[in-house]
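Down below is the structure, laid out as structure tokens.
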Amino acid sequence: MNRIIYDPSEIEKHLFRIRSENEFDQLALSVFFYQIHNNPVYGRYCQLLRINPHKVKTVRDIPFLPIEFFKHHRIMTEGDQWEKVFFSSGTTGMHRSRHYIKRLDLYRKSFLETFKRFYGPVDDYCILALLPGYLEQEGSSLVFMVNEFIEQSGYPDSGFYLDDYDLLANKLRRLDRQNQRIILFGVSHALVELAEKFTFQLKNTIIMETGGMKGRREEITREELHQILMRSFGVDRIHSEYGMAELLSQAYAKKYGYFYTPPWMKALIRDFYDPFSYLETGRSGGINVIDLANLYSCSFIETEDVGRLNEDGSFEVLGRFDYTDIRGCNLMVME
């Protein structure tokens, strides 16, 4: 594919068939032209930035929408129909982001295809989930994804364990001894609590941390977190999932917190002081995410995460900005 596609149904045909960097770049430009003309908020934002679409020739010319906009605007292509609204996690009273999903089938295909690329078929695993905070809140995209994994796994022991650590610990030990392949998805603070109560020697289990401490505990580095979890669970590595309510794709890290993306997703690192300047490997800056599966929302998101790129194409998440309402977020506050 070496041409710009303007029909979203045609874009979809290429979305999960990307085989090269050039194909990704061409499809990203196609998605940009579709969204700038059909997503009113993104189009207006680009207009206020004085972006001339005809001068956008490469991926690095594309403007990224600050993620804060999802708290104040409906970010979707034209039309008032959607199947689902996902909300970002947050404490009571916090203004949470809202992601209006026109096509749940795209989300399902994205996360199932991504999982398969990294871990193989879902039904090879018993899926256990320890996601307090997410389960109790309305519209968690993480809960939706993991619930789909649980259903597709087909194992009767698969399921959510809200705060029943004893039951979960006994099940982990029993299944692992039976040589059952297991993935335990857990929000970081809950995994630490489980690690403080029990010790294991797991040989057939993947521990998948996600979601951070969410104000439940003092934040620590990912390396410190992984050291705690490895000691308690008796494993030699901890896996990580990188996703958010505003995206429809995920990145996975199998060790060291080095995240890899599926072919339709990419992370760029922007300069802290010049958001239109991008950094090469080894330097830290703000993470911009391109998620082409987010076709009917916005595929170009300026996150509030800090990270860096590695020589092998992976990226690391080093933390978050300690301020909000950064550049660009006030451009449309009164729109």
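Overview of values
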| item | result |
| --- | --- |
| Heavy-atom accessible area per residue - the chain, 1.4 Å, Å² | 46 |
| Antiparallel DSSP beta bridges within the chain, percent to nearest 5 | 60 |
| Degrees separating the helix 104-119 axis from the principal Cα axis of the chain, which is the longest one | 60 |
| The range 20-152: translational diffusion in µm²/s, Stokes-Einstein, Kirkwood Rh over Cα pairs, 4 °C, 1.567 mPa s | 75 |
| Between 0 and 90°, nearest 10: helix 141-153 axis offset from the chain longest Cα axis | 50 |
| Cα-projected label distance for Leu162 with Glu218, points at 7 Å along beta-carbon direction, nm | 3.0 |
| Distance histogram for the range 218-260 (every C-alpha pair counted, 5 angstrom bins, percent rounded to whole numbers) | 5, 22, 24, 23, 16, 8, 2 |
| Calculated SAXS-style log₁₀ I(q)/I(0) at q = 0.19, 0.23 Å⁻¹ - the range 185-282, Debye, Cα scatterers | -0.99, -1.23 |
| Over the chain: Kirkwood hydrodynamic radius from C-alpha pairwise inverse distances, Å | 20.7 |
| The range 37-140, dipole about Cα centre (Lys/Arg Cβ +1, Asp/Glu Cβ -1), debye to the nearest 20 | 560 |
| Cα centre as origin, Lys/Arg/Asp/Glu Cβ charges: the range 147-235 dipole, Debye | 360 |
| Accessible surface of the chain, 1.4 Å probe, proportion on carbon and sulfur as whole % | 46 |
| Taking the range 176-226 and dividing mean pair separation by its residue count, relative contact order in percent (alpha carbons under 8 Å, at least six apart) | 46 |
| Under 30 Å from Lys13, Cα to Cα: lysines that are on another chain or at least 8 residues apart | Lys55, Lys57, Lys84, Lys102, Lys109, Lys116, Lys254, Lys266 |
| The chain: calculated mean residue ellipticity at 222 nm from DSSP helix runs of at least 4, using -39500 (n - 2.57) | -9000 deg cm²/dmol |
| Mean Cα-pair separation over length for the chain, i.e. relative contact order, pairs under 8 Å, 6 or more apart, % | 17 |
| Separation of the Arg60 and Phe87 label points, Cα + 7 Å toward Cβ, nm | 4.0 |
| Loop GluC sites (Glu not before Pro), the range 218-306, which have at most 11 other Cβ atoms in a 10 Å radius of their Cβ (DSSP) | Glu218, Glu280 |
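The values are calculated or read from the model by the stated rules, or taken from the named source; none is laboratory data. Quick caveat: nothing in here was measured; it's all calculated off a predicted structure. We place every Cβ from the backbone using ideal geometry, glycine too, and count neighbours over all the protein chains shown. Note: areas computed on protein heavy atoms with side chains; ligands, DNA, RNA excluded. Shrake-Rupley method; radii C 1.70, N 1.55, O 1.52, S 1.80 Å.
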